[in-house]
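> Got a structure here, written out as structure tokens. Questions coming.
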């Protein structure tokens, strides 16, 4: 196994073009586990740790450009207001040591359906910035990024440079079920984001289908129910019947399997429970923000 260590982004793209099967490594959270257990033996490892701008983030008017290697610890401490759902998901990643090293780019590159960042990225609305030496930079919408079990839309000569995530305009939540409270792969996970500016709802489901998915029918149902009931304007409580239907539709969006961490039926049930609970949490946050705004006025 050869170890490639470019000093710049341009050198990294050139190395990837010359060695398309080279496996990028920054935090090494997933790659090193596979290598240590001899599940993967790539011909080349492409070390990206010397490329400084992968560790930078920038706040724009509508979104945050998050470098692929910005560690979860910094997302938690520096971006909680802009990306609350992703910050909550970051809290659940492994141990403090791994949160200090791992970043969203690794989650996207591995494209495991159990990756903790995926539900939050789907719910918030994100685009993945990728590049190659031959074709330059392109943006991949997060909904089109996951193409199969541990497969993504990257071409062989492309690398992930950053993720552009919409800044929160409303409450966001993340919930995860695991076999214990820490250092655990998700049995299933759920992300929810309310977008009052557009009066839309977005979801993200992890570890309950071959890829991370959104519950599109549930989103459309809830957005219509909130609009028809005048909830966005009044901030009144969401009826239990609406919450139940939303939860059922979220469960229906799942296509899980039985494995050592949980059964398919348990995953469907758990996603429904998380959907209902996160809806209650996010809506109470929305109501609280409205009361604060009206009181200040």
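> For region 24-65, name all the residues that are without any contact (Cβ under 8 Å) to a residue 40 or more places away in the chain and touching a helix residue (DSSP H, G or I) at 6+ places or on another chain (Cβ under 6 Å).
Passing the criteria: 25, 40.
> Let me ask something else. What residue, of 165, 149, is buried (at least 22 other Cβ atoms within 10 Å of the Cβ) and under 20 Å from residue 106 (Cβ atoms)?
Step by step, each of 165, 149 is checked, and only 165 is buried (at least 22 other Cβ atoms within 10 Å of the Cβ) and under 20 Å from residue 106 (Cβ atoms).
> Answer yes or no as to whether residue 67 is in contact with a strand residue (DSSP E or B) (Cβ under 8 Å, 6 or more places away or on another chain) and under 29 Å from residue 20 (Cα atoms). Write out each step before concluding.
Working: in contact with a strand residue (DSSP E or B) (Cβ under 8 Å, 6 or more places away or on another chain): yes; under 29 Å from residue 20 (Cα atoms): yes.
For residue 67, the condition - in contact with a strand residue (DSSP E or B) (Cβ under 8 Å, 6 or more places away or on another chain) and under 29 Å from residue 20 (Cα atoms) - is met.
> Restricting to region 32-84, give me the number of residues that are in a loop (DSSP other than H, G, I, E, B) and modelled with pLDDT under 95. Explain how you work it out, then say what you get.
Step one: of region 32-84, the residues in a loop (DSSP other than H, G, I, E, B) are 37-43, 48-51, 56, 60-62, 68-70, 79-83.
Next cut, modelled with pLDDT under 95 only: 37-43.
Residues meeting the conditions: 7.
> Looking at (1) in a loop (DSSP other than H, G, I, E, B); (2) surrounded by fewer than 24 Cβ atoms within 10 Å (Cβ to Cβ), which is the one condition that is false for residue 115?
Exception for residue 115: condition (2).
> Are any of the residues in region 188-209 touching a helix residue (DSSP H, G or I) at 6+ places or on another chain (Cβ under 6 Å), without any contact (Cβ under 8 Å) to a residue 60 or more places away in the chain and either surrounded by fewer than 24 Cβ atoms within 10 Å (Cβ to Cβ) or in the same structural domain as residue 152 (by TED's automatic domain parsing) (or both)?
Yes: region 188-209 contains one or more residues that are touching a helix residue (DSSP H, G or I) at 6+ places or on another chain (Cβ under 6 Å), without any contact (Cβ under 8 Å) to a residue 60 or more places away in the chain and either surrounded by fewer than 24 Cβ atoms within 10 Å (Cβ to Cβ) or in the same structural domain as residue 152 (by TED's automatic domain parsing) (or both).
> In region 151-185, which residues are part of a loop (DSSP other than H, G, I, E, B) and touching a helix residue (DSSP H, G or I) at 6+ places or on another chain (Cβ under 9 Å)? Don't jump to the end; show me each part of the working.
Just the residues of region 151-185 that are part of a loop (DSSP other than H, G, I, E, B), to begin with: 153-158, 167-171, 178-185.
Selection gives 153, 154, 156, 157, 158, 167, 168, 170, 171, 183.
> Suppose we filter region 89-100 for residues that are touching a strand residue (DSSP E or B) at 6+ places or on another chain (Cβ under 6 Å) and either surrounded by fewer than 20 Cβ atoms within 10 Å (Cβ to Cβ) or at pLDDT below 95 (or both); how many remain? Steps first, answer last, please.
Initial filter on region 89-100 (touching a strand residue (DSSP E or B) at 6+ places or on another chain (Cβ under 6 Å)): 89, 92, 100.
After this cut, where a residue has to be either surrounded by fewer than 20 Cβ atoms within 10 Å (Cβ to Cβ) or at pLDDT below 95 (or both) as well, the list is 92, 100.
Final tally of qualifying residues: 2.
> When residues of region 257-276 are filtered for being in contact (Cβ under 8 Å) with a residue 40 or more places away in the chain, more than 19 Å from the chain's Cα centre (by Cα) and in a helix (DSSP H, G or I), how many remain? Spell out the reasoning first.
First, pick out the residues of region 257-276 that are in contact (Cβ under 8 Å) with a residue 40 or more places away in the chain: 261-262, 266-268, 270-271, 274-275.
Still in the list and also more than 19 Å from the chain's Cα centre (by Cα): 261-262, 266, 268.
Checking which are in a helix (DSSP H, G or I) leaves us with 266, 268.
Final tally of qualifying residues: 2.
> Checking residue 108 against (1) part of a helix (DSSP H, G or I); (2) in contact (Cβ under 8 Å) with a residue 24 or more places away in the chain; (3) more than 22 Å from residue 255 (Cα to Cα), which test does it fail?
Tallying (1) part of a helix (DSSP H, G or I); (2) in contact (Cβ under 8 Å) with a residue 24 or more places away in the chain; (3) more than 22 Å from residue 255 (Cα to Cα), residue 108 fails exactly one: (3).
> Still on this structure: Do you know which residues across region 233-244 are in a helix (DSSP H, G or I) and surrounded by fewer than 16 Cβ atoms within 10 Å (Cβ to Cβ)?
Selection gives 233, 234, 240, 241, 244.
> So, one more: What is the one condition in (1) part of a helix (DSSP H, G or I); (2) at pLDDT 95 or above that residue 254 does not satisfy?
Exception for residue 254: condition (1).
The values are calculated or read from the model by the stated rules, or taken from the named source; none is laboratory data. Keep in mind the model is a prediction, meaning the values are calculated, not measured. Note that each Cβ is placed from the backbone with ideal geometry, even for glycine, and that neighbours are counted across all protein chains shown.
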